[in-house]
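Undergrad: First the structure, then my questions, so here it is.
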Amino acid sequence: MSTPHRVCCTLKHMRVIIDAVPLLIRSAGVKNYLYHWITHLRREAGAGTIRTFPALPALGALTHEGSVAGRARTVFGLGAFAAANHTPLPVLDWLAARADVFHASNLLRHPPRRPRLTTTVYDMTCRLLPELHSAANLRADESFAELLRRADGLIAISESTRDDTVRMMRVPAEKIAVVYPGIAEEFFSVAPAAIESVRRRYALSKPFVLSVGTVEPRKNLDTLLDAFAALPGALRDAFDLVHAGPLGWSSEKTAARLGAIRYLGYVPEPDIAPLTAAAAVFAYPSLYEGFGFPVAQAMAAGVPVITSNVSSLPEIAGDSALLIDPRSLNDLRGALARLLESPALRTELAARGRARARRFTWQACAAQSLRFFTTLSG
């Protein structure tokens, strides 16, 4: 009998409520995590064990631009969330009265008092690099810090995130379980026809270097633009630089430069896997990541990766990517030239990356999370 099945049996009489409000609003990495995590937790333990606030019996298609629920559930859910956060009414005490564990999002300010309280720590970037964030993000982080201190247990999405949380928040290490997220299976098996279709749809006729993510300071897109522009002319003629992702905060200067490359803007979720698989090289010189979904996804899709030697990225990429100092133009330019000039190195890194990416599965994430809930409530 498998470990996940034993865990399911242990949780048979337990009720876990997960704060799923980020699924109802525009969101990127957190929504990606919650969507797949809840889906696989329910597969492992059953929907009766894993419930959500607001109640979402079924999740619609994943989109980062809007809600994954219908209009009525979205309006009702956001209303209940507003009442819980901004009125003295004990909304969650009522709704979670029979819950054993309540897993809060980083948006919640007044969690219920009876259940064991948990949350996921995605990163400590607001603490470590506050200059890269909007005032609204920093205010939200201050509120989330109070929840971290109150929580009975925390899930960190990498060893790096756990270590940063211990150091920055003075949370005891034994209170934090490291549970890696998974990679959606579609990244491992992209059909050639889907790749060709996405090439046609976005008019990608040349081989290209791909970057994915919201255009905001932490993603360090300006350094990538500079590094690509500094490549020899022959390489710039042979390859395009393509970026996919919506405009974020403090991006006016960077946005003005995007006309010099192939900027696709927001790309719908079904197109991300074939777009990634179509790339010759994936470049992600982020200044800080709690996990780095785009890097893991590119490895799964068999695309050679260049990424940063900071935060969680070396932990996730291992020896399956070229690691660079994200603040060094020369490092990034050199890595780009090295990969673009060497098909053999690209093939080698692609194979290593695909093998490493198999370590990160949503099934394993769900099973480990259920053990975490069981231990905490026991």
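Undergrad: Which members of segment 182-191 meet the condition of being crowded, with 20+ Cβ neighbours inside 10 Å and assigned to a helix (DSSP H, G or I)?
TA: Scanning segment 182-191 gives a single hit, F187.
One line per residue, one yes/no per condition, for (1) within 16 Å of the chain's Cα centre (by Cα); (2) without any contact (Cβ under 8 Å) to a residue 12 or more places away in the chain; (3) farther than 30 Å from P115 by Cβ:
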{"position": "L313", "(1), (2), (3)": "yes, no, yes"}
{"position": "A321", "(1), (2), (3)": "no, no, yes"}
{"position": "L349", "(1), (2), (3)": "no, no, yes"}
{"position": "S369", "(1), (2), (3)": "no, no, no"}
{"position": "T374", "(1), (2), (3)": "no, no, no"}
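Undergrad: Answer yes or no: is there a residue in segment 319-330 that is surrounded by 21 or more Cβ atoms within 10 Å (Cβ to Cβ) and either in the same structural domain as I157 (by TED's automatic domain parsing) or touching an Asp or Glu at 6+ places or on another chain (Cβ under 8 Å) (or both).
TA: Scanning segment 319-330 turns up at least one residue that is surrounded by 21 or more Cβ atoms within 10 Å (Cβ to Cβ) and either in the same structural domain as I157 (by TED's automatic domain parsing) or touching an Asp or Glu at 6+ places or on another chain (Cβ under 8 Å) (or both).
Undergrad: Could you list, in sequence order, all residues of segment 196-216 that are surrounded by 19 or more Cβ atoms within 10 Å (Cβ to Cβ) and within 26 Å of W362 (Cβ to Cβ)? Break it down stepwise before answering.
TA: So in segment 196-216, the residues surrounded by 19 or more Cβ atoms within 10 Å (Cβ to Cβ) come out as 198, 204, 208-213, 215-216.
Passing the criteria: V198, L210, S211, V212, G213.
Undergrad: Here's a follow-up. Can you tell me which residue within segment 154-181, out of those that are of a type outside the set (A, V, I, L, M, F, W, C) and touching a strand residue (DSSP E or B) at 6+ places or on another chain (Cβ under 7 Å), is surrounded by the most Cβ atoms within 10 Å (Cβ to Cβ)? It would help to see each step written out before you state the result.
TA: Within segment 154-181, the subset of a type outside the set (A, V, I, L, M, F, W, C) is 158-165, 167, 170, 172, 174-175, 180-181.
Subsequent filtering for residues that are touching a strand residue (DSSP E or B) at 6+ places or on another chain (Cβ under 7 Å) retains 158-159, 161-162, 165, 175.
Details: S158: 24, E159: 14, T161: 26, R162: 23, T165: 22, K175: 15.
It comes out as T161.
Undergrad: While we're here: Can you tell which of A273, A256 is part of a helix (DSSP H, G or I), buried (at least 18 other Cβ atoms within 10 Å of the Cβ) and of a type in the set (G, A, S)? Reasoning before the result, please.
TA: Numbers: A256 fails: buried (at least 18 other Cβ atoms within 10 Å of the Cβ).
After ruling out the rest, the residue left standing is A273.
Undergrad: Is there any pair linking a residue in segment 21-50 that is not assigned by TED's automatic domain parsing to the domain that holds T214 to one that is acidic (D, E), with Cβ under 8 Å and at least six apart or on different chains, and which?
TA: Close Cβ pairs satisfying both conditions: R26/E65.
Undergrad: Taking segment 192-215, which residues are in contact with a Phe, Trp or Tyr (Cβ under 9 Å, 6 or more places away or on another chain) and assigned to a loop (DSSP other than H, G, I, E, B)? Give the derivation first.
TA: At the first step, the residues of segment 192-215 found to be in contact with a Phe, Trp or Tyr (Cβ under 9 Å, 6 or more places away or on another chain) are 206-215.
Correct list: K206, P207, G213, T214.
Undergrad: Failed condition for K219, given (1) crowded, with 17+ Cβ neighbours inside 10 Å; (2) of a type in the set (D, E, K, R); (3) without any contact (Cβ under 8 Å) to a residue 40 or more places away in the chain, with all others met?
TA: (3)
The values are calculated or read from the model by the stated rules, or taken from the named source; none is laboratory data. Just so it is clear, the structure is predicted and the values come from calculations on it, not from any experiment. Positions of Cβ are backbone-derived with ideal geometry, glycine not excepted, and every protein chain shown enters the neighbour counts.
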